[in-house]
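Working notes for the structure below.
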Amino acid sequence: MSGITFLLALVATGLFLYAYTRGGNLHWKGVRTGGRMLVGMFPLLLAAFVLAGFLEVLIPPELVRTWLGDDAGWRAILMGSFAGALIPGGPYVSFPIMASVFRAGASLGTAVSFITGWALWNTGILSFELALMGPRFTLVRVVVTSIFPPLAGFLAQLLVGGGF
């Protein structure tokens, strides 16, 4: 069990005990609510992890290293940024996909630009953002954040990932 898993289990246990002291079967209501969430998310989690597994075994590592590895330079970082923007869903989708590509030989800069592109440029949220915040807000946010995914990937590669 990893440290994070242990910490989450400890917090969940603490909340379970706190809910128990509040009475009204809140502790079991919390467990049932979490179980319903798991059942609802399970198909998406399964699909994301299976997709990540297939990416890892079907894409030749040489191809990943050529296009997304240390020697690919800016091209890899830009590809990572834009690929991250196109991945729909939450972190339970994007992180397994990037982890499998990273293990296959993508550079640290590519992985950082992918995750940063997913977090800042995610095209899946644009319709919500436009509808709720309006076009002016959306345009300003997109323009202001446009430099960050490639910049984050570049800095990660330069400072920690072995340079260019």
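Readers should treat all values here as calculations from the given coordinates under stated rules, not as data from a laboratory. Just so it is clear, the model here is predicted, and its values are computed rather than measured. For neighbour counting, all protein chains shown are included, and Cβ atoms are generated from backbone atoms with ideal geometry for every residue, glycine included.
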Distance in nm between Thr21 and Ala9 label points, each 7 Å along Cα→Cβ, equals 2.3 nm
For Ser127 and Leu51, extending 7 Å from Cα along the Cα-Cβ vector and measuring point to point gives, in nm, a value of 1.6 nm
Relative to the chain, whose Cα atoms define the longest principal axis, helix 3-22 and its Cα axis are tilted in degrees, nearest 10, by 30 degrees
Helix 108-121 sits off the longest principal axis of the Cα atoms of the chain, rounded to the nearest 10 on a 0 to 90 degree scale, by 60 degrees
Per the 1/(1 + (r/R0)^6) rule, R0 = 25 Å and r from the Cβ atoms of Val31 and Leu58, FRET efficiency to 0.05 is 0.05
If one compares the long axis through the Cα atoms of helix 91-103 with the longest principal axis of the Cα atoms of the chain, the angle in degrees, nearest 10, works out at 40 degrees
